[in-house]
Amino acid sequence: MRVGFHRGMDGKVVAMAVEVRLPTLLRPVADGSSSVSAEGETVGDVFRQLIGRYPGLADNLIGEDGSLHKFVNVYRNDDDIRYLDALDTKVADGDVISILPAVAGG
Amino acid sequence: MARFDSVLGLIGDTPLVSIDALAPRPGVHILAKLEGQNPGGSSKDRIALKMVELAERDGSLQPGDTILEPSSGNTGIGLALVAKLRGYRLRVVMPDNVSPERRQLLEIFGAEIVSSPGEEGSNGAIRLAEKLAADDPALRMLFQYGNPANPLAHYEGTGPEILRDCPEVDVFVAGLGTSGTLMGVGRYLKERKPSVQVVAVEPPSGELVQGLRSLEDGFVPPIFDPGVLDRKLIVRPRESIEWVRRLLDECGVFAGISSGAAVAGAVKAAAQLDTGTVVTLLPDAGWKYLSSGAWTDDLDVVAERATRINYW
């Protein structure tokens, strides 16, 4: 598993490419997409890139203090990033980042 | 001694069974705590009894009162059993898309059911229950999501039972619903054996519940303290059903769908150990899920069904 940056076919540095899965709730602010590609070294980088593309995502993903929004859970390949390195969690090529709203059960 | 004055005496002290057939390598052990052996059929019997006992003790519950509770089924069933024997009425607010067996059991156990919209999931049931409780002060909402009696039941019961029966436990894996099991067992185990890792498993509910209006409709149970967890994993319906089948086929354990998810998590945790012991909690048995087709129908069909019907 490679993390960080690697060089593409033309020798240029290429960031890790990941798939980001969006919950139904957030698709309207991402042009209706359920899944988008993005790049970055960390989950935070990936989110910044997504917000640049879809500014409507900003308030939904990041709380007022710059950390992950309280009612959002984010998983890197099914592992909750809050128990890894939160937004500093490194991503690898081909990782799937899933964003889900916090819900109850029981 | 197997003699009891009341069926409520059967709550807790559930068996811990080896499911090593599913372990990844020799030297790594997995044990499952079978909460389906409780008299109401699930681990929720423990919290139902504890919530009622504490409310009786502090006077907030009086004879003849009506208890109100949002539940996707098992807590409702546990409360129905306790309410029936202790002389209370019970009204359960439940999403209308839970498995039919849960609804049937609640009815025959004597509970009144108020349905909340299935597409709003448990969040919707909580919202509706809060509204009903606000509209009628005579209703007593015990509120499993915020009631300290919930994790307390596991801190005083489930946790000590696990350490008693498996002092060599290295990792505890359980499903995350109200978080009571993880908080109660997790705290108890870490206090007595700080090296124990606590791993939560959850369904991708946000993908199953289509109708959230905004993220502010999201909900984090007040009793939940993320500091108790070391790791949290999503397990999807398809995986849960695969493991529930393997539990029966390879271990003879007939468990509910959320148990399949817990075992999926337990196996992932076990895979990271060279040697060691994982204990996982199976909330209920398979009886309430026969209608899901989990053991009989095509895997993809059941997985799709699980996105519309609440089996967690």
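What ranking do B:79, B:128, A:22 get, fewest neighbouring Cβ atoms within 10 angstrom at the top?
Fewest to most other Cβ atoms nearby, the residues stand as B:128, A:22, B:79.
Kindly put B:115, B:258 in sequence by how many other C-beta atoms sit within 10 Å of each C-beta, fewest to most.
B:115, B:258
Which entries in A:70/B:193; B:50/B:84; B:33/B:84; B:44/B:131 show an alpha-carbon gap greater than 21 Å?
Pairs exceeding 21 Å: A:70/B:193; B:33/B:84; B:44/B:131.
So what are the ³J(HN,Hα) numbers for segment B:9-21, from phi and the Karplus equation (6.51, -1.76, 1.60; θ = phi - 60°), rounded to whole Hz, Gly and Pro as x?
Each residue's phi maps through the Karplus curve to give x, 7, 5, x, 6, 7, x, 10, 10, 5, 10, 4, 4 Hz.
If you scale each eigenvalue of the Cα gyration tensor by 5 and take the root, what three semi-axes come out for segment A:5-101, rounded to whole angstrom and sorted largest first?
They are 21, 15, 12 Å, listed largest first.
Tally the DSSP beta bridges in the protein assembly as shown and give the antiparallel ones as a percent, rounded to 5.
Around 40 percent of the beta bridges assigned by DSSP in the protein assembly as shown are antiparallel ones.
Could you tell me the center-to-center distance, by alpha carbons, between segment B:72-133 and segment B:226-240 in angstrom?
Value for the Cα centre distance between the two parts: 25 Å.
Tell me, what are the semi-axes, in whole angstrom and largest first, of the equivalent ellipsoid of chain B as set by the roots of 5 times the Cα gyration tensor eigenvalues?
29, 23, 19
Hey, what D do you get for segment B:44-141 in µm²/s if you plug the Kirkwood alpha-carbon radius into Stokes-Einstein at 10 °C and 1.306 mPa s?
120
Compute the angle between helix B:180-192 and the longest alpha-carbon principal axis of chain B, please, reported from 0 to 90 degrees and rounded to the nearest 10.
Compared with the principal axis, the helix lies near 50 degrees.
Can you pull the mean other chain C-beta count within 10 Å for peptide B:119-128?
Mean inter-chain Cβ contacts per residue within 10 Å come to 2.
Give me B:92, B:301 ranked fewest to most by other Cβ atoms within 10 Å of their Cβ, as a rough exposure proxy.
Working: B:92 28, B:301 10.
Neighbour counts put them in this order, fewest first: B:301, B:92.
Counting only other chains, and only Cβ atoms inside 10 Å, what mean value do you get across the residues of A:21-30?
3
Which peptide among B:116-122, B:283-289, B:131-137 comes first, and what is the full order, when sorted by highest mean count of other Cβ atoms within 10 Å?
B:283-289, B:116-122, B:131-137
Consider just the alpha-carbon atoms of the protein assembly as shown and return their Rg together with their Dmax, both in angstrom.
Gyration radius and largest Cα-Cα distance of the protein assembly as shown: 21.7, 79 Å.
For segment A:5-101, calculate the relative contact order in percent as a whole number, restricting contacts to Cα pairs under 8 Å that are 6 or more residues apart.
On the way: 160 pairs, mean separation 32.2, N = 97.
It rounds to 33 percent for segment A:5-101.
Roughly how many nanometres apart are two label points built 7 Å out from the Cα toward the Cβ at residue A:24 and residue B:250?
3.4
Compute the helix-to-body angle for B:237-251: its Cα long axis versus the longest principal axis of chain B, expressed 0 to 90° and rounded to tens.
Around 60 degrees separate the two axes.
Taken together, the values in this text are just the output of simple stated rules run on the coordinates, not laboratory data. All values derive from a computational prediction rather than experimental measurement. With ideal geometry, Cβ positions are generated from the backbone for all residues, glycine too; neighbour counts draw on all protein chains shown.
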